[in-house]
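Working notes, beginning with the structure itself.
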Amino acid sequence: MARESRLRIALWGATRGVIEGLLAIIIYIYLLPQLFMYIYEKLGYSGYPGYDIVSSKYLTFIILILGLSTTAKILKKTIFDPILRASANMFGILFVISFLGSGSFTLKNLPAGDFKADITLDLSPLLTVFFIFFVVPSVIAPFIDYFYEMSQSEE
């Protein structure tokens, strides 16, 4: 009986992971690029040069994150769960950092009245705050959660 319940839990985790993965694919591969393209065109540009939907780097990050998250859901309540969740979080953070590059963001040829303007923003301080407040907790939290659940199950 315990074996059947573990199998049922594993199947439910896999099904849930696949559904969440499909939703994430819809959001990250379709909706976000469409949103960015809409914003880019509202700024007066034609065509969006940023996200390339078929970019191998972009798809590699998404596949790694979704694969690690699904595997973590299947292996819930094992020592591999926090390791896989922390790895998925790290790949997500690496994706954000690789998208932002060196921390500077440039908008060129913005229409400003009778002339065109170039704007460069240095996002390095924002990346530092992002790292301190989001990266560190997102990597540590799966381990805290795992050990807290294990301590509760022993009582």
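Only a single item in (1) modelled with pLDDT of 75 or more; (2) part of a helix (DSSP H, G or I); (3) closer than 22 Å to V139 by Cα is not met by K76, and it is number (2). Looking across segment 120-139, just one residue is in contact with a helix residue (DSSP H, G or I) (Cβ under 9 Å, 6 or more places away or on another chain) and not in a helix (DSSP H, G or I), and that is L123. For L121, the conditions (1) in contact with an Asp or Glu (Cβ under 8 Å, 6 or more places away or on another chain); (2) more than 22 Å from G21 (Cα to Cα) all hold with the exception of (1).
Taken over segment 140-155, the criterion of being modelled with pLDDT under 80 and assigned to a helix (DSSP H, G or I) is satisfied by S153, E154.
Comparison of F95, F61, F91, F80 shows that the only residue that is aromatic (F, W, Y) and more than 29 Å from S124 (Cα to Cα) is F80.
Among the residues of segment 3-41, the one identified as hydroxyl-bearing (S, T, Y), over 27 Å from I74 (Cβ atoms) and modelled with pLDDT under 70 is Y40.
The values are calculated or read from the model by the stated rules, or taken from the named source; none is laboratory data. All of these numbers come straight from a predicted model, not from anything done at the bench. When we count neighbours, we look across all protein chains shown, and the Cβ atoms used for this are built from the backbone with ideal geometry, even at glycine.
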